[in-house]
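Note sheet for the following structure.
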Amino acid sequence: MDAVLNALVLIGNYIVVPGLAYGSQLALGALGVTMIYAVLRFSNFGHGEIMSFGTMLVIMATFAMQDVGISISPLPTALLALPVGILGAVGLCLLIDRYVYKFYRQQRASPVIYLIVSIGTMFIIGGLIRFIIGPKDRNFADGERFIMKASAFKANTGLAEGLAIKTAQGVTVLTTFVVVGLVFWFLNYTRTGKSMRAFADNEDLALLSGIDPDRVVRITWIITAVLATIAGTLYGLDKSYKPLVYMHLLLPIFASAIVGGVGNPLGAIAGGFVIAFSELAITFAYKKVAAYLIGDGVLGDGLLQLLSTDYKFAVSFMILVIVLLVKPTGIFSGKTL
Amino acid sequence: MTQHPNSPATGPKSTAQMAPAQRNILLFTGMASLLVMVGVLQSWNVAFSILNMCLISAIMALGVNIQWGYAGLFNVGVMGFAALGGLAGVVISMPPVDAAWAAGGLGVVMGLATGIVTLVLGMMVWRRGQSWGRWRYAATGAIVVIGYILMRSLADPSVDAIEAVDPARTGYLGGLGLPIILSWLVGGIFAAAAAWVVGKISLGLRADYLAIATLGISEIIIYVLKFEDWLSRGVKNVTGLPRPVPYEIDLQANSWFIAFADHLNLPLVDASSLVVKICYALLFTVVLLAVLWLSETALRSPWGRMMRAIRDNETAANAMGKNVTKQHLLVFVLGSAVIGVAGAMMVTLDGQFTPTSYQPLRFTFLIWVMVIAGGSGNNWGAVLGGFLIWFFWIEAEPIGLWLMDVVTSGLPPTHWLRLHLLESAAHTRLMTMGVILLLVLRFSPRGLIPESRR
């Protein structure tokens with residue numbers, strides 16, 4: 001019996017807990033991508049850099065607060081600094097929209113042009129970030145490191161394997177829960193949210209019924225910037241902040257959005273978890289689990305790892321390919337908000 | 001609906017005052033004089049190394065132009081296709097490592113064969129099984145999983161054995177030991193094969209999907225090249241690729257060449273490296289002219305007219321009975337092949353294959369800026385863009401550094417802001433590329449040499 005429990009704890013420690021946290025971060029990111037897609041109808045390649053930009057501001061505010069001595073220990077100070085990052089990212093998004101995207105909206109340019117333009121913004125934001133904070137790794141997580149330590153878990157349960165939960169992971173899941181709840185409440189129960197959904201559903205009809213398109217677009221950017229900053233900060237707290245990483249996050253985020261059905265918020269969240277859990281489950285070495293369940297070395301002395309962790313980003317791509325081949329519209333058929 | 005900036009409905013009217021031919025000649029003369037200026041002011045060696053990379057960039061830009069300019073396809077994975085071309089350089093030219101082949105060659109080949117058989121079987125079952133309901137997923141899934149496990153169990157021990165063979169110097173299978181020029185062709189074929197797979201999956205769906213799929217495949221190609229040591233030595237790099245042109249050392253030992261350098265009044269070392277670079281430049285020019293001639297001919301042919309028709313109005317072209325997806329696939333494969341050729345040429349020029357040097361900014365987006373700034377849809381524009389943007393890419397860092405130095409010259413030399421700005425000058429490239437891309441798209445979407453109306 002203990003063997004089975006130990007195997008379960010192993011899976012919990014290395015797949016379930018990190019998967020929930022990583023999935024939440026991806027879900028928030030994908031939610032932003034999907035909102036932009038639903039309202040502005042293009043895939044925003046600049047999203048990763050917006051996440052990075054917001055996180056950078058949060059980090060700077062965190063460092064400033066740490067200098068002054070403000071802290072909300074045991075929680076990380078970054079949570080307190082979040083509004084600074086959000087404000088900055090919102091400002092950035094609105095500026096970019098005003099001076100870059102608005103022109104193409106008036107021209108009714110094709111989605112491909114938006115795509116290229118979004119890559120241009122990606123560079124500019126990326127350059128700005130490297131200019132301000134540099135390309136180095138930054139660790140800004142403070143406060144209590146663990147909600148539950150592996151050693152405490154072992155002592156309490158008497159099992160050989162430990163289950164650890166980092167504060168950042170707990171904070172991530174909780175924050176995501178609250179934020180996603182708020183977004184859905186906004187979309188479903190407020191007048192503005194409903195007008196956004198109407199606009200996403202049928203632009204011309206929405207215009208006819210007197211919905212102000214500029215306002216809808218502005219609010220979409222604001223929500224996207226908020227989601228991006230929160231997602232980026234949570235990711236940075238959980239792993240660590242490095243400007244380059246956020247560009248590599250684009251692929252899993254796009255994959256999450258497409259798996260769920262682009263333009264569908266519920267799908268984006270489901271997609272985030274699908275991608276996160278598959279990534280962890282496929283790159284996990286099951287050697288120890290197998291040892292507990294069927295005895296040591298029965299299946300040879302390999303790691304029993306389907307794919308080396310070097311290829312974790314390949315997992316998002318494989319899932320993307322499968323979805324494109326089997327059901328291009330995604331799990332929840334997309335294009336509604 | 002896909003609308004290209006050059007399609008008549010949205011493109012601004014051509015208002016060139018000068019006759020286009022005259023203007024183009026002027027632009028190319030300007031480019032040439034920039035290079036000559038570097039030759040005179042810095043050194044001819046520098047000028048020719050810039051020229052060589054300009055030629056390669058121009059070929060890459062032609063490849064992207066085939067995809068974007070002819071067909072409006074957005075390829076975000078240029079980097080991956082260029083890297084595949086580079087891999088061809090290794091696979092064709094390096095001498096085979098016999099010990100590694102003996103240690104695990106058979107296992108790797110069998111593993112690869114199993115992988116291919118699995119894919120083919122999986123696809124066949126998937127195709128045949130349209131009426132099987134849920135069993136279709138189960139059967140395909142089972143074949144893929146069993147095939148994958150079989151492949152790994154066949155290949156893994158061999159891979160370990162290969163990588164254990166003298167890891168400091170080899171640790172990989174090596175190549176075929178053929179002349180490296182052959183790899184230019186093979187690089188094209190490698191890239192075309194990868195493009196066919198990606199295109200087959202993502203073309204015919206929304207335009208974004210192709211962009212995201214190519215972004216994905218290019219990252220994965222780079223990961224494979226970085227981590228599969230048995231194939232490409234991974235991050236240990238492959239150096240000392242054989243050359244298609246003479247070595248400097250041999251030239252310097254040649255009595256005829258010593259007399260020649262004397263005659264030119266140049267130091268022997270400079271003269272030899274200059275001659276080597278000129279040899280490369282000649283080879284690359286031949287390839288560039290060949291690709292350019294082929295692309296121009298294709299563009300003028302009925303096929304080219306059809307491609308433009310598809311680009312400008314997919315629905316109408318479809319209604320005329322043109323198979324849009326099939327043509328897109330063809331043009332995507334062709335363009336990627338050209339990129340692969342250029343990738344192989346670049347590895348030939350460098351004489352080494354370094355997977356870590358493949359960065360999306362340098363290999364994907366820079367090429368894009370070349371095409372868009374040069375003039376999408378116009379082959380001459382792509383060539384000019386390749387030359388011009390590469391030139392400024394090389395010179396951007398010194399210019400940025402100089403600019404920061406001037407801006408901060410009022411501050412004391414150890415002031416934190418001055419130090420920070422000088423240190424950040426290296427990142428100006430990223431921002432400059434973004435700004436150029438946005439400005440060109442906004443104010444001159446047809447580029448320096450616009451597509452001519454036919």
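The values are calculated or read from the model by the stated rules, or taken from the named source; none is laboratory data. Predicted, not measured: the structure shown is a model, and the values here were computed from it. Note that we place each Cβ from the backbone using ideal geometry, even for glycine, and neighbour counts take in every protein chain shown.
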Wholly within segment A:230-337, helices (runs of 4 or more DSSP H) carrying at least 1 residues that are modelled with pLDDT of 85 or more and farther than 25 Å from residue A:115 by Cα: A:265-283
Which listed residue, of B:215, B:150, is in a helix (DSSP H, G or I), over 28 Å from the mean Cα position of the chain (by Cα) and farther than 30 Å from residue B:245 by Cα: B:150
Residue list for segment B:100-135, restricted to those being surrounded by fewer than 14 Cβ atoms within 10 Å (Cβ to Cβ) and in contact (Cβ under 8 Å) with a residue 40 or more places away in the chain: B:106, B:112
Where residue B:166 falls short, out of the listed (1) acidic (Asp, Glu); (2) surrounded by fewer than 18 Cβ atoms within 10 Å (Cβ to Cβ); (3) part of a helix (DSSP H, G or I): (3)
Segment A:106-154 - residue that is surrounded by fewer than 15 Cβ atoms within 10 Å (Cβ to Cβ) and farther than 28 Å from residue A:55 by Cα and, of those, farthest from the other protein chains (Cβ to nearest Cβ): A:152
Cross-chain or 6+ apart pairs with Cβ under 6 Å, segment A:238-253 first and more than 14 Å from chain B (Cβ to nearest Cβ), then charged (D, E, K, R): A:240/A:137; A:241/A:138; A:242/A:137
Qualifying residue in segment B:235-258 (condition: surrounded by fewer than 23 Cβ atoms within 10 Å (Cβ to Cβ), more than 30 Å from residue A:324 (Cα to Cα) and within 14 Å of chain A (Cβ to nearest Cβ)): yes
Test: residue in segment B:217-229 that is surrounded by fewer than 17 Cβ atoms within 10 Å (Cβ to Cβ), within 14 Å of chain A (Cβ to nearest Cβ), of a type outside the set (D, E, K, R) and more than 21 Å from residue B:53 (Cβ to Cβ): yes
Qualifying positions in segment B:63-94 - aliphatic (A, V, I, L, M) and under 10 Å from the mean Cα position of the chain (by Cα): B:64, B:78, B:79, B:82, B:83, B:84
Residues located in segment B:322-361, provided they are basic (Lys, Arg) and either surrounded by 18 or more Cβ atoms within 10 Å (Cβ to Cβ) or in contact (Cβ under 8 Å) with a residue 12 or more places away in the chain (or both): B:322
Hits in segment B:284-300 - residues which are more than 14 Å from residue B:66 (Cα to Cα), surrounded by fewer than 19 Cβ atoms within 10 Å (Cβ to Cβ) and of a type outside the set (Val, Ile, Thr): B:289, B:290
The lone exception for residue B:396 - which of (1) within 14 Å of another protein chain (Cβ to nearest Cβ); (2) more than 26 Å from residue B:281 (Cα to Cα); (3) touching a helix residue (DSSP H, G or I) at 6+ places or on another chain (Cβ under 6 Å); (4) not charged (D, E, K, R) it fails: (2)
Residue in segment B:180-192 that is within 14 Å of chain A (Cβ to nearest Cβ), modelled with pLDDT of 85 or more and under 16 Å from the mean Cα position of the chain (by Cα) present: no
Qualifying residue in segment A:67-74 (condition: away from chain B (no Cβ under 14 Å), touching an Asp or Glu at 6+ places or on another chain (Cβ under 6 Å) and exposed (fewer than 15 other Cβ atoms within 10 Å of the Cβ)): yes
Subset of segment A:152-187 (residues that are under 16 Å from residue A:235 (Cα atoms) and charged (D, E, K, R)): A:166
Subset of segment A:53-92 (residues that are in contact with a strand residue (DSSP E or B) (Cβ under 8 Å, 6 or more places away or on another chain) and of a type in the set (S, T, N, Q)): A:55
